[in-house]
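S.K.: Mind having a look at this structure? Questions to follow.
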Amino acid sequence: MTEAVWGPVHRDIVDLLADRPADVPAVVDHLTKLQDMLVRFPPLEESCPLADFNKLYLTITESVLNGLYDDWFADPVFLSRLDVEFAARYFDALRLWTDSSPSCPRAWSCLFQRMRGPDARPLPSAAAGVNAHINFDLPFALVTTFDSLESEPVDGTDQHRDYLKINDIFADRIPGLRRGYLDRWQLLIDMLNGDIDDWYQGELVEYTRDVAWRNAQKIWRCRHDPTAHECERARLDDNAARLGRLLLSPLGAFLQ
């Protein structure tokens, strides 16, 4: 049954997911190898919806790695750990989907289900992946990061300021990334709109990441209460799944 999940690249992806990246360069390496596999996944191949998201994620992670190399962050240990924990949740979701596990988050399943068609437009596919990763994965990645570092999510700290610096990376990368997903007629409309679409996307990412930080603070306070923790997990998964289905719907594609 699981052999059909990834078709001819199944074994390659299983082997890749068996190795958990331990640092940011390893995360970049994993995402790069995964991208090479996803664009060979039939029947959509280079237009595989998951490849559209993975490409964006790889680009942002490469920028984070460059920032670490350039001493851009006040607390590089925190940022590195968060990047690894964040990626781990994406790879875990892929692993659960590969195993046909019912535990695969619904936030991710709505995108994974599109990998064999019907075809989804590139921008909605990338947006659905960003939605799952930020609205569902990020709060929990923050909690595990702070727990491992024996710290906590407090506003105004070096860690919080470094977290907010990632918004600058998105703002810098969004224009080129977004236009890379557009058809020729969409590029014409984009040109007529000027910078408004880039500004809007940047504001949306900033707002969404702020909500993720607030959700992490909420989860942090109930992290030792299994019932409350599970309620938060289910709530965020349900909310992200609903938004993901909307983004991948004809209406969502039209609005984007």
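S.K.: Here is a check on your reading of the model: is Ser103 closer than 26 Å to Glu152 by Cα, of a type in the set (Ser, Thr, Tyr) and touching a helix residue (DSSP H, G or I) at 6+ places or on another chain (Cβ under 9 Å)?
M.R.: Considered against the rule, which asks whether it is closer than 26 Å to Glu152 by Cα, of a type in the set (Ser, Thr, Tyr) and touching a helix residue (DSSP H, G or I) at 6+ places or on another chain (Cβ under 9 Å), Ser103 comes out as no.
S.K.: Something else now. Can you name every residue in region 103-112 that is of a type outside the set (S, T, N, Q) and either closer than 14 Å to Leu17 by Cβ or in a loop (DSSP other than H, G, I, E, B) (or both)?
M.R.: Those that are of a type outside the set (S, T, N, Q) and either closer than 14 Å to Leu17 by Cβ or in a loop (DSSP other than H, G, I, E, B) (or both): Cys104, Pro105, Trp108, Phe112.
S.K.: Find the residue count for region 123-133, including only residues that are open to solvent by 10 Å² or more (accessible area, probe 1.4 Å) and either in contact with a Lys or Arg (Cβ under 9 Å, 6 or more places away or on another chain) or free of Cβ contacts under 8 Å to residues at least 12 places away in the same chain (or both).
M.R.: 1
S.K.: What number of residues in region 105-115 are touching a Phe, Trp or Tyr at 6+ places or on another chain (Cβ under 8 Å), of a type outside the set (Ser, Thr, Tyr) and open to solvent by 10 Å² or more (accessible area, probe 1.4 Å)? Full working, then the answer.
M.R.: First, pick out the residues of region 105-115 that are touching a Phe, Trp or Tyr at 6+ places or on another chain (Cβ under 8 Å): 105, 107-109, 111-112, 115.
Now narrow it down to the ones that are of a type outside the set (Ser, Thr, Tyr): 105, 107-108, 111-112, 115.
Next cut, open to solvent by 10 Å² or more (accessible area, probe 1.4 Å) only: 105.
Total satisfying the criteria: 1.
S.K.: Considering only region 134-156, state which residues are touching a residue at least 60 places away in the same chain (Cβ under 8 Å) and among the hydroxyl-bearing types (Ser, Thr, Tyr).
M.R.: Answer for region 134-156, where residues must be touching a residue at least 60 places away in the same chain (Cβ under 8 Å) and among the hydroxyl-bearing types (Ser, Thr, Tyr): Thr145, Ser148, Ser151.
The values are calculated or read from the model by the stated rules, or taken from the named source; none is laboratory data. Computed from a prediction, not measured in an experiment: that's the story for all the values here. Please note: Cβ atoms are built from the backbone with ideal geometry, for glycine as well, and neighbour counts cover all protein chains shown. When the accessible area is computed, the model is the full protein with side chains, heavy atoms only, and any ligands, DNA or RNA have been set aside. Shrake-Rupley method; radii C 1.70, N 1.55, O 1.52, S 1.80 Å.
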